[in-house]
1. Can we say GLU78 is modelled with pLDDT of 90 or more and acidic (Asp, Glu)?
2. I'd like the residue in segment 59-73 that is loosely packed, with under 10 Cβ neighbours inside 10 Å, at pLDDT 90 or above and part of a helix (DSSP H, G or I) and, out of all such residues, is nearest to the chain's Cα centre (by Cα).
3. Can we say LYS13 is over 28 Å from VAL75 (Cβ atoms), surrounded by 10 or more Cβ atoms within 10 Å (Cβ to Cβ) and without any contact (Cβ under 8 Å) to a residue 12 or more places away in the chain?
4. If the Cβ limit is 6 Å and pairs must be 6+ apart or interchain, which residue in segment 72-99 that is over 30 Å from LEU56 (Cβ atoms) pairs with which residue that is of a type in the set (D, E, K, R)?
5. Given the conditions (1) assigned to a helix (DSSP H, G or I); (2) modelled with pLDDT under 90; (3) of a type outside the set (D, E, K, R), report the number of the one that ILE95 does not fulfil.
6. Do you know which residues across segment 31-57 are of a type in the set (A, V, I, L, M, F, W, C) and closer than 17 Å to ASN72 by Cβ?
7. Just to be sure, is LYS28 loosely packed, with under 10 Cβ neighbours inside 10 Å, at pLDDT 90 or above and of a type in the set (D, E, K, R)?
8. Among (1) at pLDDT below 90; (2) surrounded by 10 or more Cβ atoms within 10 Å (Cβ to Cβ); (3) polar (S, T, N, Q), there is one condition GLN44 misses while meeting the rest; what is its number?
Amino acid sequence: MAGLAAKIPVWSKAVVSFSRPKLQTFYKYAKVELRPPTPGEMSQAVGDAQKGIKSLMSGKFMELSVKQGWQNTLVATEILMWFFVGEIIGRRSLIGYKV
């Protein structure tokens with residue numbers, strides 16, 4: 001038991017030295033990606049949505065490459081899944097609302 005207690009400071013130092021660069025990288029990206037959108041970004045999103053609707057109406061989306069189409073599909077699926085996860089969290093149930 002004394003040998004195990006002697007190794008705890010060594011292990012904790014190893015854990016800190018291993019995790020510090022990873023946490024710094026996480027913080028660098030989290031500071032940018034996890035902040036709420038600014039008003040300028042919101043107006044840009046509205047403009048992008050209008051372009052998307054025009055693209056759907058004119059058929060211009062048919063000119064996308066397969067890679068771009070696949071990426072758009074994945075982004076739309078991710079947004080849809082976050083909506084479903086949010087609904088499940090809000091209901092506090094997988095099945096439905098408790099009446």
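1. Details: modelled with pLDDT of 90 or more: yes; acidic (Asp, Glu): yes.
Here the answer is yes, as GLU78 does meet what is asked.
2. LYS67
3. On the way: over 28 Å from VAL75 (Cβ atoms): yes; surrounded by 10 or more Cβ atoms within 10 Å (Cβ to Cβ): yes; without any contact (Cβ under 8 Å) to a residue 12 or more places away in the chain: yes.
Against the criterion (over 28 Å from VAL75 (Cβ atoms), surrounded by 10 or more Cβ atoms within 10 Å (Cβ to Cβ) and without any contact (Cβ under 8 Å) to a residue 12 or more places away in the chain), LYS13 qualifies.
4. That search, which allows pairs on different chains as well, returns TYR97/ARG91.
5. (1)
6. Just the residues of segment 31-57 that are of a type in the set (A, V, I, L, M, F, W, C), to begin with: 32, 34, 42, 45-46, 49, 53, 56-57.
ALA45, ALA49, ILE53, LEU56, MET57, listed by residue number.
7. On the way: loosely packed, with under 10 Cβ neighbours inside 10 Å: no; at pLDDT 90 or above: yes; of a type in the set (D, E, K, R): yes.
No, not satisfied.
8. (1)
The values are calculated or read from the model by the stated rules, or taken from the named source; none is laboratory data. All of these numbers come straight from a predicted model, not from anything done at the bench. Here the Cβ is made from the backbone with ideal geometry for all residues, glycine too, and neighbour counts use every protein chain on show.
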